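Enquirer: Would you mind keeping the following structure in view while I ask a few things?
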Amino acid sequence: MQDEEFHRITDDIITHPLFTQMQDLTHHGGENSLYDHSVDTAKCAYRLARRFHMREERIEAVTRAALLHDFFGYDWRSEAHKQFLRHYSGLRRLTHMHAFVHGAMAARRANRLFGLDERQRSAITSHMFPLAPIPRNSEAWVLTLADKMVASREMSEAVGWHMRRWYRRMVPAVSAPTRRM
Ligand SMILES: [Fe+2]
Ligand SMILES: [Fe+2]
């Protein structure tokens, strides 16, 4: 990866205080944060866009969109978010759940702070496809693919992390000497 080029494209976002706040939110289990997930997705999208020989300005656009794809700005496990969902019932509650709406929310918030073009907004909005609308441009397909590749790696790492924790808790119990009656 061309590290310097990646940093030139992303530094203003990565160092923004509202972006670094995402270090406090865990994502996909284990010790992974939403910040780590976003940076890794941007790196993956950057590599994919280069491999697909996209034009330079579109590589830059998709890398920034990937960095901001989960920039929705709330904790979906919080009481505030549960209260937001209580405004809806039945099917409308389902369609307002985090998985369905956070792409559109991230696109709006990222646009307000960093100014995105129409193709970037569309890519962020559809990154949860098939739970979101079908991707409508090449940036959107690269982003949804990068997000899924990074998410599946993170989730398998999280399974390993939980298993190691479980093992560490269980082993002392298993290896403890049994008391004679
Ligand atoms: Fe997402
Ligand atoms: Fe994501």
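No value in this document is a laboratory result; all are computed from the given coordinates. Owing to the predicted nature of the structure, the values given are computational and were not obtained by experimental measurement. Quick reminder, even Gly has a Cβ in these numbers, built from the backbone with ideal geometry, and neighbours come from all protein chains shown.
Enquirer: Give me 27, 53 ranked fewest to most by other Cβ atoms within 10 Å of their Cβ, as a rough exposure proxy.
Expert: With the fewest neighbours first, 27, 53 line up as 53, 27.
Enquirer: Taking only DSSP H segments of four or more residues, each worth -39500 (n - 2.57), what value at 222 nm results for the chain once the sum is divided by all its residues, to the nearest 500 deg cm²/dmol?
Expert: Mean residue ellipticity at 222 nm (helix-derived): -22000 deg cm²/dmol.
Enquirer: Fully extended, how many nm does the chain gain between residue 85 and residue 99 (0.36 nm per residue separation, minus their Cα-Cα distance)?
Expert: Between residue 85 and residue 99, full extension yields 3.8 nm more.
Enquirer: Here's something else I'd like to know. What FRET efficiency do you get for residue 138 and residue 112 if R0 is 30 Å and r is their Cβ-Cβ distance, rounded to the nearest 0.05?
Expert: E(calc), rounded to 0.05, equals 0.75.
Enquirer: Quickly work out the residue 159-to-residue 21 label distance, labels modelled 7 Å from Cα along the C-beta direction, and quote it in nm with one decimal.
Expert: 3.4 nm
Enquirer: Measuring from label point to label point, each 7 Å out along Cα→Cβ, what is the residue 167 to residue 12 span in nm?
Expert: 4.6 nm
Enquirer: Can I ask one more? Do any trypsin sites (Lys or Arg not before Pro) in segment 1-98 lie in a loop, going by DSSP, with at most 16 other beta-carbon atoms within 10 Å of their beta carbon, and if so which?
Expert: Answer by residue number: 55, 77.
Enquirer: At residue 151 and residue 4, where each label point lies 7 Å from the Cα along Cα→Cβ, what is the point-to-point distance in nanometres?
Expert: Roughly 3.6 nm, to one decimal.
Enquirer: Please give the net charge around residue 26, taking every other residue with its beta carbon less than 10 angstrom from that of residue 26, where Lys and Arg add +1 and Asp and Glu add -1.
Expert: Combined, the nearby Lys, Arg, Asp and Glu give -3.
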